[in-house]
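Heads up, the thing below is written out as structure tokens.
Read-outs: derived from the displayed coordinates by stated rules, not from any lab. Only a predicted model underlies this, so the values are computations on that prediction, with no experimental measurement involved. We place every Cβ from the backbone using ideal geometry, glycine too, and count neighbours over all the protein chains shown.
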Amino acid sequence: MTWSEYSTFVLRLGLAALFFYTGVTKLLGLGQTAGFLEGLGFPMAMFFAVLLMVAELLGAILLLLGLLTRWASLWLLVIPLVGIFVYNLPQGAWPGLFNNLVVICALLSLSFSGAGAISLEGRK
């Protein structure tokens, strides 16, 4: 195995940690997350808060395992995209915008490359 084959593992690990952390944060503060979404104008805010939390936690687990990586990456891609158009641009939250752009680039990279050798998908 070459060093370059570790790159997708490192990328998956970092993104999994990010989405797992934010998913657990939403799980522990589901009411606050729903309130935040309601303040942004989301209808059925509690439904979307639960959906967001499940998407982040399940997506993090799939990325960590390297299972359905391309699909998980595309599915998680929706979260920062919605964040940009619903929160960052209307609120002028520029630091969050750039953070979301970096996450989008990382998720796109995984959706193009797949899980790599150190994954359940790459297992031989």
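Quick notes on this structure:
- FRET efficiency estimate (nearest 0.05) - Cβ-Cβ, residue 58 to residue 4, R0 41 angstrom: 0.90
- Take the Cα of residue 65, step 7 Å toward its Cβ, do the same at residue 32, and the gap between the two points is 3.0 nm.
- Here's the picture: charge each Lys and Arg Cβ at +1 and each Asp and Glu Cβ at -1 in the chain, and of 21, 72, 87 the one pushed furthest to the positive end of that dipole is 72.
- Were the residues from residue 78 through residue 120 laid out at 0.36 nm apart, the gain over their Cα-Cα distance would be 12.7 nm.
- Extension gain for residue 25 to residue 44 (0.36 nm times residue separation, less C-alpha to C-alpha distance): 4.9 nm.
- Remark: the chain carries a charge dipole of roughly 240 debye about the Cα centre, counting +1 on each Lys and Arg Cβ and -1 on each Asp and Glu Cβ.
- Distance between the 7 Å Cα→Cβ label points at residue 17 and residue 86: 2.7 nm.
- The chain, relative contact order [Cα under 8 Å, separation at least 6], %: 33
- Alpha-carbon gyration tensor eigenvalues x 5, square-rooted, for the chain, Å: 28, 16, 10
- Over the chain: helical MRE at 222 nm, DSSP H runs n ≥ 4 each giving -39500 (n - 2.57), nearest 500: -23500 deg cm²/dmol
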